[in-house]
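Bear in mind that the values in this text are calculations on the coordinates, not laboratory data. Quick caveat: nothing in here was measured; it's all calculated off a predicted structure. As a convention, Cβ positions derive from the backbone with ideal geometry for all residues, glycine included, and neighbour counts pool all protein chains shown.
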Amino acid sequence: MIRTRVGYAGGTTENPTYHNIGNHAETVQIDFDPSIISYKELLSVFWDSHNPVYGGAYGQYRSIILYHSDNQRMLAENTKADLEKSLDTEISTSIQPVGTFTQAEFYHQKYYLQADPVLAKEIISWHSARQDVIDSTATARINGYIAGYGNKATLLEEIDTYGLSEEALIYLRDNSRASLGSSD
């Protein structure tokens, strides 16, 4: 993964916001390097990260996959069909073209990072614009580690590349909820 942004997509309402989301879903936009992780591997993470049977096909919290190409659509549909077969039940996740993605308000971006006063203060102060915080690969990685994703070994391998002060490095090392497992 290179970076993530949260926002609204999958609907027709113009200029959705958190308080006026209309018929959009809350979504995550992922920029990724396919030489590092494939779209099919991202789909596997998606299916493993939530209960695809729970919830309906409508509303802002619906399960949805938004694709950019026919190949992505086909892979999404195939992995959904495989999962339905293995679970022996219908999955409510919808699969549709991405359409327009509207970035969510800043306070929704990098949620776990912004909730951490030590790291948020330092990282937000680095950037002259809020969009730079949102677009930063380092902030995406740090946000994930704070939230408990990834693993401690990978964090320790890359932590020195984030540009954090010594105090923040120690704090992240000691307060990351990343697992002690051997893979992301």
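What is the set of long-range amide H partners of residue 27 at a cut-off below 5 Å, with H atoms built 1.01 Å from backbone N?
7, 8, 9
Please list, ordered by chain and number, the residues whose modelled amide H lies under 5 Å from the amide H of residue 164; skip anything fewer than 5 residues away on the same chain.
Result for residue 164 returns nothing.
What percent does the relative contact order of the chain come to when contacts are Cα pairs within less than 8 Å and at least six residues apart?
22 percent
Hey, how many Å between the Cα centroid of the stretch 1-64 and the Cα centroid of the stretch 153-173?
29 Å
Rounded to the nearest 20 Debye, what is the dipole magnitude of the chain about its Cα centre when Lys and Arg each give +1 and Asp and Glu each give -1 at the C-beta?
280 debye
Place +1 on the Cβ of every Lys and Arg and -1 on the Cβ of every Asp and Glu in the stretch 41-184, take the dipole about the Cα centre, and give the residue among 168, 148, 54 whose Cα lies farthest towards its positive end.
Ranked along the dipole, the leading option is 54.
Quick check on the chain: helices-only [θ] at 222 nm, where DSSP H runs of length 4 and up contribute -39,500 (n - 2.57) each and the sum goes over total residues. Nearest 500, please.
The helix contribution divided over the chain gives -12000 deg cm²/dmol.
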